[in-house]
Amino acid sequence: MLRSLGFIRTLCSRSQKLFKTFFTGFYSNIFDMWEFPRTRYADCNGSEASEETEIAVNIGGVKHILHGNVLNRYPETRLAELVNQATYSTQENLCALCDDYDDSNQEFYFDRDPEAFRCILELYYYGEIHMKRGICPMCFMREMDYWRIDAEYLDECCISSLNEVQTELEEIAEKVKAILDDLDDDGTVTRGQRCQTFLWKLMEKPESSLAARVIAVVSFTFILLSSVVMCVGTNPELQVEDAEGNLMEHPTLESIETACIIWFTVEYVLRFLSSSNQLRFVFSFMNIIDFLAIMPFYVLLILTHLGTAVMELAYVQQAVQALRIMRIARIFKLARHSSGLQTLTFALKGSLQELGLLFMYMSVGIFLFSALGYTLEQSHSETMFTSIPQSFWWAVITMTTVGYGDIYPKTTLGRCNAAVSFLCGVIAIALPIHPIINNFVIVYSKQRVLETAAKHEIELMALRAQEEKQECPKAERTASAGTRSVWDSTAVSASQSDTYIPLLGVTADVSKGQPAHKRKHN
């Protein structure tokens, strides 16, 4: 009995030693695995004393204890310089690196964002920085500028987010520049240039004045009127017969059509003359649409005056019919006066990949099911599927769930093939539709935000400029005698709000890895 108890004690003690050894090695491996990696940092140039130094920093009320050997991994940063000078520099030199310094507690105070500083600290432990959600990318870049950290240490996802924000700010800056150009009254331009600018604003910018708004409304009315006249003129009840018994448009409708064309012609010529870059104006897409809406009228007018002999030629009659159809292009002129249509155009342009996928899905399905339908229907004596190209029409109207009923399968297998085809068609159409709708919502929301931000920035700039004039009477007298009135360059440059936009467009691409603290001084 005693021997059994002794054996049990020996077994238990050995088991305890074995478990202790096992768990000690297991947890040590776990701690080694989760130890902060020390990658992508430079050689430590600091002294041994600075490496052993601990400094206390207070970032916006949050206290951190930082070690010198960690901060010296990146000796060019502000924190590394601070820890290197903490042992031998005077209080004045230390205060130059921080907002305040408490000598009794040996604590450095920084009036910075504590949440952004937590992301900054990741550089010293992980070798890269990742912005947390909810932090403004541009504000975070200013934090990196302050701590003298290169933008190349940002994570790839953060760089893409920052580039998107910079693109939006550049678009806002362009809108602000356009508004400032409208408000700018430069006395160095000639009278001809001033008249050209006035005419361009009158024809292209309805928001510039009341007269420009009236012209935009009149142009919009003429577009609608010409479109309605074009449609109503095809009604046989409103057409009249000429001397040869051929139907032609009613003279009243022709007069309205002529008045609309005259307005479109005058508008096009005035816009062409007032354009600063006339070659670019001619090859612009919307201006090409305007030209195609005007051109058929004058071509028909020339052919009519050439005589009936020319008009009786078959190819001339076909050309005349094609020119009449080209009048449909004037409906696209509505996009010039509708921001919703412009947004739809931008959304479709940004959804070319999804539209390509939709076209590919439908093409594969049409080819597959038309070939199957033709093969399965050959056993029927009264088959409507005479060839595979002729079956394409059936596959199109079936997969798009239109179903005109002019061609349909008559065999059982053919009907099963039709059922599968329209189910696949519904799925193929529904899959890319959601991303296209999302792109439209994103583009529409972005346009509204850009317009609102540009107007807000202009209001802030005007307010700051007026405050600058009131504080500096001398500058006010100079501005009244100068050329820019309220929009003086010094006043505008001083009107930097929290959402300041770099109007000069000097924005660096962070993907190039240029140092953030150097980029500010370039």
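The values are calculated or read from the model by the stated rules, or taken from the named source; none is laboratory data. Just so it is clear, the structure is predicted and the values come from calculations on it, not from any experiment. Quick reminder, even Gly has a Cβ in these numbers, built from the backbone with ideal geometry, and neighbours come from all protein chains shown. Side chains included, ligands, DNA and RNA excluded: accessible areas come from the protein's heavy atoms. Shrake-Rupley method; radii C 1.70, N 1.55, O 1.52, S 1.80 Å.
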| Per-residue HN-Hα couplings for segment 94-105, Karplus 6.51 cos²θ - 1.76 cosθ + 1.60 at θ = phi - 60°, whole Hz, x for Gly and Pro? | 5, 5, 5, 9, 9, 7, 7, 9, 9, 5, 5, 9
| query | With every protein chain in place, what's the accessible area of L348 (1.4 Å probe, Å², nearest 10)? | reply | 70
| Using θ = phi - 60° and the Karplus form 6.51 cos²θ - 1.76 cosθ + 1.60, what ³J(HN,Hα) does each residue of segment 428-444 get, whole Hz, x for Gly and Pro? | 5, 6, 6, 4, x, 5, 4, x, 5, 5, 4, 5, 5, 5, 5, 5, 5
| request: Give the accessible area for R464 in Å² (nearest 10); use a 1.4 Å probe, count only protein heavy atoms, and leave out ligands, DNA and RNA. | output: 80
| note | Residues whose modelled amide H sits under 5 Å from the amide H of L154, counting only those 5 or more places away in sequence or on another chain, are I129
| Inter-probe distance in nm under a simple model that places probes 7 Å from Cα toward Cβ, at R213 and T190 | 3.4
| query | Which sequence of W394, W263 reflects their accessible areas, 1.4 Å probe, from the largest down? | reply | W263, W394
| message | From the protein chains alone at 1.4 Å, what is the descending order of accessible area for D111, D242, D99, largest first? | response | D111, D99, D242
| Förster radius 45 Å - calculated FRET efficiency between I437 and F272, Cβ distance, rounded to 0.05 | 0.75
| said: Going 7 Å from the Cα of E204 along its beta-carbon direction, which residues of segment 211-225 have the amide nitrogen within less than 14 Å of the resulting point? | reply: none
| query | How far, in nm, would the chain grow between I288 and Y404 when pulled straight, counting 0.36 nm per residue and subtracting the alpha carbon separation? | reply | 38.1 nm
| To the nearest 0.05, what FRET efficiency results for E451 and Q378 with a Förster distance of 56 Å applied to their C-beta separation? | 0.35
| field | Residue-normalised accessible area of segment 193-252, given per residue in Å² at a 1.4 Å probe | value | 65
| 3J(HN,Hα) from dihedral phi, segment 389-399, Karplus parametrisation 6.51/-1.76/1.60, rounded to Hz, x for glycine, proline | x, 5, 6, 4, 4, 5, 5, 5, 6, 7, 5
| note | Listed by chain and number, the residues whose amide H is under 5 Å from that of E107, excluding neighbours fewer than 5 places away on the same chain and using placed H, are D102
| note | Between the alpha carbon centres of segment 372-404 and segment 195-252 the gap in Å comes to 45
| task | Starting from the Cα of D155, step 7 Å along the direction of its Cβ; do the same at H250; then give the gap between the two resulting points in nm. | result | 6.9
| request: Starting from the amide H of G403, placed 1.01 Å from N in the peptide plane, find each other amide H under 5 Å away whose residue is 5 or more places distant or on another chain. | output: T398
| Across K177/K469; K205/K349; K177/K349; K201/K446; K132/K177, pairs whose alpha-carbon gap is larger than 29 Å | K132/K177
| Inter-probe distance in nm under a simple model that places probes 7 Å from Cα toward Cβ, at L224 and F281 | 2.8
| field | Solvent-accessible ranking of F422, F117, largest area first, probe 1.4 Å | value | F422, F117
| E107 to Q353: extension gain in nm, 0.36 nm per residue of separation minus the Cα-Cα distance? | 83.0 nm
